[in-house]
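S.K.: Just passing along the structure, written as structure tokens.
The values are calculated or read from the model by the stated rules, or taken from the named source; none is laboratory data. Owing to the predicted nature of the structure, the values given are computational and were not obtained by experimental measurement. Quick reminder, even Gly has a Cβ in these numbers, built from the backbone with ideal geometry, and neighbours come from all protein chains shown. Ligands, DNA and RNA are excluded from the accessible area calculation, which covers all protein heavy atoms including side chains. Shrake-Rupley method; radii C 1.70, N 1.55, O 1.52, S 1.80 Å.
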Amino acid sequence: MTPPFGRAMVAGFVGTVAITLMMYFVAPMMMGQPMDIAAMLGSMLGGSWIAGMVLHFVNGTVIFPLIYAAVLYHVLPGAPAVKGLIWGAVLWLLAQILVMPLMGGGFFSANVGGMPAVIGSLMGHLLYGGILGALARVPERVES
């Protein structure tokens, strides 16, 4: 069985809220500046912060949870939370190798904070993945 898609999307939304709060409120304590993903994504979409935030939430609420539930849930090892942590780590690696350079942040965030940004990003993606995995699990059957 796969996790229900609706459940995965709700889990993705909760995880996206958590990583977003972490970027704007925890990252400044680590790096001295927020990780403004909406501004970075928005720069690729004509400079709109709102468009960047919408894209961030679409990715985290719809696209990534559906890939996780439909394709990866059966492939990844471990309990649901571990599966989510692995998916979060994969998303982090893709962000650091592909997305950050495309947005001008450099390979492994070299242009936007270096190692503190890399570590903050890893923490956020693991938080997202852990929440997604823990909440988007296959419901247990109740025997009557």
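S.K.: Given the residues L122, L76, L127, L45, which is the only one that is under 16 Å from T16 (Cβ atoms) and in contact with a helix residue (DSSP H, G or I) (Cβ under 6 Å, 6 or more places away or on another chain)?
M.R.: Checking each option against the conditions leaves just L127.
S.K.: Find all pairs meeting these conditions: Cβ atoms under 8 angstrom apart; at least six residues apart or on different chains; first residue within the range 115-137 and surrounded by 24 or more Cβ atoms within 10 Å (Cβ to Cβ); second residue at pLDDT below 85 and in a helix (DSSP H, G or I).
M.R.: Once the first residue is surrounded by 24 or more Cβ atoms within 10 Å (Cβ to Cβ) and sits in the range 115-137, its partners that are at pLDDT below 85 and in a helix (DSSP H, G or I) give S121/S109; G124/A27.
S.K.: Can you work out which of the residues in the range 92-135 that are among the polar types (S, T, N, Q) and in a helix (DSSP H, G or I) is farthest from the chain's Cα centre (by Cα)?
M.R.: Once the filter is applied, the top-ranked residue is S109.
S.K.: Here is a check on your reading of the model: is T20 polar (S, T, N, Q), at pLDDT 90 or above and either open to solvent by less than 50 Å² (accessible area, probe 1.4 Å) or in a loop (DSSP other than H, G, I, E, B) (or both)?
M.R.: yes
S.K.: Right, something else. L41 versus (1) in contact (Cβ under 8 Å) with a residue 60 or more places away in the chain; (2) closer than 27 Å to R137 by Cβ; (3) open to solvent by less than 60 Å² (accessible area, probe 1.4 Å): which is the lone unmet condition?
M.R.: (2)
S.K.: Just name the residue that is modelled with the highest pLDDT out of those in the range 2-17 that are within 12 Å of A70 (Cβ to Cβ) and open to solvent by 10 Å² or more (accessible area, probe 1.4 Å).
M.R.: Applying the filter and picking the extreme gives M9.
S.K.: For the range 86-114, how many residues are open to solvent by 70 Å² or more (accessible area, probe 1.4 Å) and touching a residue at least 24 places away in the same chain (Cβ under 8 Å)?
M.R.: 1
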